[in-house]
Amino acid sequence: MYLTIVNFYFCAMRNKFFFWLGVIPLFFFSSMYFYACATEHTITLHEVPTAVLNAFKEKHPSLLLADWTVMQRHHKTVYEASWKLGVRTHHDFFDEDGNFIKTN
């Protein structure tokens, strides 16, 4: 397997067209991966805005614990609440004003 990759690389280096044909998509997709990872992170309950917490408690009054994630989607801040009910994990999405967006 390793020799196949090395041979492909050296053959592609001889023909610049095939070299760039492989490098450009690799760079494009790897940069998309790192951009997606950089815009989402886990936060604590104290970092969630009050409006979002109130909207979540209004929607699910019996739930006590949820994992919170904040992300940037289409230049908007979105808060995700994740919790388990039985074996299934549920996700609710809210904007920064506490407006409900969707459930997964």
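The values are calculated or read from the model by the stated rules, or taken from the named source; none is laboratory data. Quick caveat, the model's predicted, so the values are computed rather than measured. No Cβ is skipped: glycine too gets one built from the backbone with ideal geometry, and neighbour counts run over all protein chains shown.
Structure summary
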item	result
Single residue of His41, His46, His90 found to be modelled with pLDDT of 90 or more and either in a helix (DSSP H, G or I) or touching a His at 6+ places or on another chain (Cβ under 7 Å) (or both)	His46
The stretch 61-104, subset of a type in the set (A, V, I, L, M) and loosely packed, with under 13 Cβ neighbours inside 10 Å, residue nearest to His41 (Cα to Cα)	Leu65
Selection from the stretch 69-79 of residues that are outside any loop (DSSP other than H, G, I, E, B) and over 13 Å from the mean Cα position of the chain (by Cα)	Lys76
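Okay, residues lined up against (1) outside any helix (DSSP H, G or I); (2) modelled with pLDDT under 60:
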residue	(1), (2)
Leu21	no, yes
Phe27	no, yes
Ser30	no, yes
Phe34	no, yes
Phe56	no, no
Leu65	yes, no
Phe94	yes, no
